[in-house]
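The values are calculated or read from the model by the stated rules, or taken from the named source; none is laboratory data. Small disclaimer: the values here were computed from a predicted structure and weren't measured. Here Cβ is always computed from backbone atoms with ideal geometry, including for glycine, and neighbour counts include all displayed protein chains.
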Amino acid sequence: MSAPATAEPGPVHTLVVSGPGGLTAHPAYDASVRRYAATTTAATFADGGASLTVTASTDDPAGRVLVNGVPVVGGQTTLTGLQPGDEVSVVFDDAGGREADAVYVLPADFPELTATVREPGTTPGLVGLTLSQWQVGNGWPSFEAVVDVNGVPVWTRSDPGAAADLKLQPNGHYSVARPTHEPGRTGSDIVELDGAFQPVAVHRTVGLVDTDGHDSILRADGSEVLLAYEPDPDTGLTDSVIQEVDPQGDVVFQWDSSGLAAETVAGTRADYAHINSVQVVNGGQDFLASFRHLSAVLLIARVAHDGHQPGDVVWKLGGRDSTFDFVDDPFGGPCAQHSASQLPDGDIMVFDNGSVDAFGSFCVDPADPAGPTVERTQSRMAVWHLDEQAGTATLVRAYGPTDWFGFFMGSAQLLPETGNVLVGWASATQAVATELAPDDSPVWQLEAVPSSNGRKYFSYRSLKLDAPDVTDPEVVVTSPTRGASFEQGAPVTLDFSCTDVGGATLQTCGDVLPGTSLDTSVPGRHLVRVTASDGAGNVTTVRRRYTVAPRHRPDLSVREADGTWTGAGVVGDLRHQTTHRRLAAGDGVRVPVRLGNAGTRADRFVVDGSAGTRRLVVSYRFGHEDVTRPVVRGTWRSPLTQPGGGRVLVARVRATRDAPDGLVRTFVLASTSARDPDSVDRVGVRVRVR
């Protein structure tokens, strides 16, 4: 019995990226990974752009490696002038098929992000991050980024301030909160971004001085829900505000926390409530909002229902005046929480921070809710099931590795496609984010490698989003140039390259390789196309027209009675190279014919002309010389004529006195290149006796 057949291993590839200023790539090359990040420092861009060397090979002798669509010679190529956000395409084309990889050029000092857990069941999509070290003035930049499962970005932006809340909005666009620079305003601008992450609008609260960047809702109809930290001149405190604005820009709902100041767990801080998330729930009836400095999640009536008026607090989950008693919860409810959301089954999920005395202990003592706060140095994702009739909140789910403590920021996001939950750990820097299966087993985890200052970057929130690549590839054709002209038979190559950004990775670049010879064998106008495509189906085609000028080309034209020339630049089409003349019996006409040289080489031309008849007599003269006999025989040769030059031969036609009215004859002259007998042009002189 024969052994079962085994598949032959495919070609082996290598890929290493290097460059000045500490430029390296991560993760290390792996045949299953398609995208890599080139780490950089300020020194990398010191000369105005990064210099990146790609060393790549396949052990298939017949295979090839293409970088930006151009074949690599000698296994190595260097690209210069690269900027943050550029991508370098590396394609292996061999017996194993086509492997299309990309190297993303990071901004200077962008942290190395590493996927330390990669298990089956991870939810598809990318993750939006706003990365910082949260130390203003320490010289380290902040970043906005959208990264893949390996922590390799598809988009980044360096930000001298601390941006927050990069996410996909209900209107299909993205948004990010950036520090405002608008005179007279405080807080953030909610910057709306299109599918390519380019700004298209800025959103700010109406009639207030502040827009808070913790959360926002931008709807498809143009309405929006924004937050604010608004100073109250009467109390000296800072109220948390929820504001809803209709598509026309009019405020249709506004609520503030002023009635809750006595419930603060933040001591004497002016920011006694500190709202940090908002969600529209219960079919649009209510707002679910999280207040860090109340250690409570509130349900606030958005519209009148069930005896509640707009703005009424329907219930409070946690804090000094909790509507619910906590069941099976060792911590007795939330503390300094973030990112509250109502799940499809009605349960409430939060990122439950906890707190520490050094930063301000915000945890309510379950045994004495009105008394001093207590410390709790443990963060978790927590879910409670609420029983409003019984007034209980039962902890049904919690996840938090021992001693993981993020004392501020953080997020918990349900991923409906799989039922997984993405936890953003924020200031608990053991991980940037962890994706949990429904049984709370980690299926994916992203960590930040410490920067050279020893500190780790972390993100305000970590939110999974669908970010399809909407950016078309770029094709640069360097030969032929636009409108180029070449001599017939000249050796000319088609040279081009392709690049792509947006995350889908360049897949194809032209139907032939750069360096392929252009067809210059046939004179005339030609068209060449170079098409590039990426993995999302975005396509770019660049067209270049070029002209092939013949080495030897006669160009005959005939002068009209009004002095214009017919047939100049027209070759071979006698219909458009014929002059029409009328003459009376006994009269004659003199018709100049220009023997032009439309080729690229000096040439002589052999002229063959029609003979006359008994009633229409023709003669040909060149200057003062009668050349009728050799022209009619087809043996007369013009003097040597330079490219673009011309000689004039005159045809004289005379009608005899007995020529009948209506007699018509076309006299044809043909000019043939003495060096290329196949290159011929003709003109006609059509004569009618009237």
task: Scan (1) outside the structural domain of Leu298 (by TED's automatic domain parsing); (2) out of contact with any strand residue (DSSP E or B) (no Cβ under 8 Å at 6 or more places or on another chain); (3) surrounded by 14 or more Cβ atoms within 10 Å (Cβ to Cβ) for the single condition Pro401 breaks and write down its number.
output: (1)
Qualifying residue in the stretch 349-358 (condition: in contact with a helix residue (DSSP H, G or I) (Cβ under 7 Å, 6 or more places away or on another chain), in a loop (DSSP other than H, G, I, E, B), closer than 24 Å to Asp165 by Cβ and of a type outside the set (Gly, Ala, Ser)): no
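Looking at this structure, is Gly524 out of contact with any Lys or Arg (no Cβ under 7 Å at 6 or more places or on another chain) and more than 30 Å from Gln642 (Cβ to Cβ)?
Numbers: out of contact with any Lys or Arg (no Cβ under 7 Å at 6 or more places or on another chain): yes; more than 30 Å from Gln642 (Cβ to Cβ): no.
When the stated conditions are applied, Gly524 does not pass them.
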query: Within the stretch 529-561, how many residues turn out to be over 30 Å from Gly684 (Cα atoms) and part of a strand (DSSP E or B)?
result: 14
- prompt: For the stretch 25-76, which residues satisfy the criterion of being farther than 23 Å from Asp511 by Cα and hydroxyl-bearing (Ser, Thr, Tyr)?
  reply: Tyr29, Ser32, Tyr36, Thr39, Thr40, Thr41, Thr44, Ser51, Thr53, Thr55
- line: Per the list (1) part of a helix (DSSP H, G or I); (2) in contact (Cβ under 8 Å) with a residue 40 or more places away in the chain; (3) not hydroxyl-bearing (Ser, Thr, Tyr), residue check on Arg575 breaks on (2)
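Return the residues of the stretch 20-47 that are assigned to a loop (DSSP other than H, G, I, E, B), of a type outside the set (Val, Ile, Thr) and over 22 Å from the mean Cα position of the chain (by Cα); say none if nothing qualifies.
Pass one, the stretch 20-47, residues assigned to a loop (DSSP other than H, G, I, E, B): 20-22, 27-34, 41, 46-47.
Still in the list and also of a type outside the set (Val, Ile, Thr): 20-22, 27-32, 34, 46-47.
Listed by number, the residues that qualify are Pro20, Gly21, Gly22, Pro27, Ala28, Tyr29, Asp30, Ala31, Ser32, Ala46, Asp47.
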- prompt: Given Thr130, Thr114, which one is touching a strand residue (DSSP E or B) at 6+ places or on another chain (Cβ under 8 Å), in a strand (DSSP E or B) and crowded, with 22+ Cβ neighbours inside 10 Å?
  reply: Thr130
query: How many of the residues making up the stretch 70-111 are in a loop (DSSP other than H, G, I, E, B) and within 16 Å of Leu52 (Cβ to Cβ)?
result: 7
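Could you tell me whether Gly454 is without any contact (Cβ under 8 Å) to a residue 24 or more places away in the chain and either over 30 Å from Pro550 (Cβ atoms) or part of a loop (DSSP other than H, G, I, E, B) (or both)? Show your work before the answer.
On the way: without any contact (Cβ under 8 Å) to a residue 24 or more places away in the chain: yes; either over 30 Å from Pro550 (Cβ atoms) or part of a loop (DSSP other than H, G, I, E, B) (or both): yes.
In short, yes.
Matching residues to (1) at pLDDT 95 or above; (2) under 22 Å from Asn597 (Cβ atoms); (3) in contact with a Cys (Cβ under 8 Å, 6 or more places away or on another chain):
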residue	(1), (2), (3)
Thr493	yes, no, no
Phe496	yes, no, yes
Gly515	yes, no, no
Thr520	yes, yes, no
Val542	yes, no, no
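Could you go through the stretch 517-529 and let me know if any residue there is in the same structural domain as Gly503 (by TED's automatic domain parsing) and under 24 Å from the mean Cα position of the chain (by Cα). Write out each step before concluding.
In the first step, residues of the stretch 517-529 are kept if they are in the same structural domain as Gly503 (by TED's automatic domain parsing); the result is 517-529.
Filter again for under 24 Å from the mean Cα position of the chain (by Cα), leaving 529.
Yes; the residues of the stretch 517-529 include at least one that is in the same structural domain as Gly503 (by TED's automatic domain parsing) and under 24 Å from the mean Cα position of the chain (by Cα).
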message: Among the residues of the stretch 315-372, what is the count of those that are modelled with pLDDT of 95 or more, under 25 Å from Tyr460 (Cα atoms) and of a type outside the set (Gly, Ala, Ser)?
response: 20
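Which one of Ser361, Ser258 is among the small types (Gly, Ala, Ser) and buried (at least 20 other Cβ atoms within 10 Å of the Cβ)?
Working: Ser258 fails: buried (at least 20 other Cβ atoms within 10 Å of the Cβ).
Matching residue, one of Ser361, Ser258: Ser361.
If you scan the stretch 603-645, which residues turn out to be assigned to a strand (DSSP E or B) and in contact (Cβ under 8 Å) with a residue 60 or more places away in the chain? First the steps, then the outcome.
Taking the stretch 603-645 first, the residues assigned to a strand (DSSP E or B) are 603, 605-609, 616-622, 625-626, 636-637, 641.
If the condition is that a residue be assigned to a strand (DSSP E or B) and in contact (Cβ under 8 Å) with a residue 60 or more places away in the chain, then Asp603, Phe605, Val606, Val607, Asp608, Gly609, Leu616 are the ones that fit.
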- prompt: When Gly284 is evaluated against the numbered criteria (1) crowded, with 16+ Cβ neighbours inside 10 Å; (2) within 15 Å of Ile242 (Cβ to Cβ), which criterion, by number, is the only one it fails?
  reply: (1)
- prompt: Got a sec? Which of Arg582, Arg615, Arg559, Arg601 is among the basic types (Lys, Arg), more than 60 Å from the chain's Cα centre (by Cα) and buried (at least 16 other Cβ atoms within 10 Å of the Cβ)?
  reply: Arg615
field: Residue satisfying condition, being surrounded by 16 or more Cβ atoms within 10 Å (Cβ to Cβ), in contact with a Pro (Cβ under 9 Å, 6 or more places away or on another chain) and either at pLDDT below 95 or not basic (Lys, Arg) (or both), within set Gly646, Gly596
entry: Gly596
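Matching residues to (1) closer than 30 Å to Glu417 by Cα; (2) in contact with a strand residue (DSSP E or B) (Cβ under 9 Å, 6 or more places away or on another chain):
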site: Ser451; (1), (2): no, no
site: Gly454; (1), (2): no, no
site: Phe458; (1), (2): yes, yes
site: Pro468; (1), (2): yes, no
site: Val475; (1), (2): no, yes
site: Gly483; (1), (2): no, yes
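From Thr264, Thr235, Thr323, Thr268, grab the single residue that is in the same structural domain as Gln378 (by TED's automatic domain parsing), touching a helix residue (DSSP H, G or I) at 6+ places or on another chain (Cβ under 8 Å) and either surrounded by fewer than 21 Cβ atoms within 10 Å (Cβ to Cβ) or closer than 23 Å to Gly213 by Cα (or both). Can you show your working first?
On the way: Thr235 fails: in the same structural domain as Gln378 (by TED's automatic domain parsing); Thr323 fails: touching a helix residue (DSSP H, G or I) at 6+ places or on another chain (Cβ under 8 Å); Thr268 fails: touching a helix residue (DSSP H, G or I) at 6+ places or on another chain (Cβ under 8 Å).
Criteria check complete, one pass: Thr264.
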query: Looking at the stretch 292-309, which of its residues are in contact with a Phe, Trp or Tyr (Cβ under 9 Å, 6 or more places away or on another chain) and buried (at least 18 other Cβ atoms within 10 Å of the Cβ)?
result: Arg292, His293, Leu294, Ser295, Val297, Leu298, Leu299, Ile300, Ala301, Arg302
field: Failed item, numbered, when Thr377 is tested on (1) within 23 Å of Val278 (Cα to Cα); (2) among the hydroxyl-bearing types (Ser, Thr, Tyr); (3) within 48 Å of the chain's Cα centre (by Cα)
entry: (1)
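Can you give me the number of residues within the stretch 57-84 that are of a type in the set (A, V, I, L, M, F, W, C) and exposed (fewer than 15 other Cβ atoms within 10 Å of the Cβ)?
Taking the stretch 57-84 and keeping what is of a type in the set (A, V, I, L, M, F, W, C), we get 62, 65-67, 70, 72-73, 79, 82.
Of the ones still in play, those that are also exposed (fewer than 15 other Cβ atoms within 10 Å of the Cβ) are 62, 73.
Qualifying residue count, the stretch 57-84: 2.
Condition check ((1) modelled with pLDDT of 95 or more; (2) surrounded by fewer than 21 Cβ atoms within 10 Å (Cβ to Cβ); (3) farther than 24 Å from Ser355 by Cα; (4) out of contact with any Gly (no Cβ under 6 Å at 6 or more places or on another chain)) across all residues:
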site: Thr394; (1), (2), (3), (4): yes, yes, no, yes
site: Val421; (1), (2), (3), (4): yes, no, no, yes
site: Gly424; (1), (2), (3), (4): yes, no, no, no
site: Asp440; (1), (2), (3), (4): yes, yes, no, yes
site: Ser452; (1), (2), (3), (4): no, yes, yes, yes
- prompt: Does Val105 satisfy the condition of being modelled with pLDDT of 95 or more and within 20 Å of the chain's Cα centre (by Cα)?
  reply: yes
query: Which residues, counting only those in the stretch 364-392, are surrounded by 15 or more Cβ atoms within 10 Å (Cβ to Cβ), farther than 25 Å from Ala428 by Cβ and of a type in the set (A, V, I, L, M, F, W, C)?
result: Leu386
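Every residue in the stretch 357-391 that is touching a Cys at 6+ places or on another chain (Cβ under 9 Å) and among the hydrophobic types (A, V, I, L, M, F, W, C), please. Talk me through it step by step, then tell me what you get.
Taking the stretch 357-391 as the starting set, the residues that turn out to be touching a Cys at 6+ places or on another chain (Cβ under 9 Å) are 361-364, 373-376.
Once the filter is applied, which keeps residues that are touching a Cys at 6+ places or on another chain (Cβ under 9 Å) and among the hydrophobic types (A, V, I, L, M, F, W, C), the stretch 357-391 yields Phe362, Cys363, Val364, Val374.
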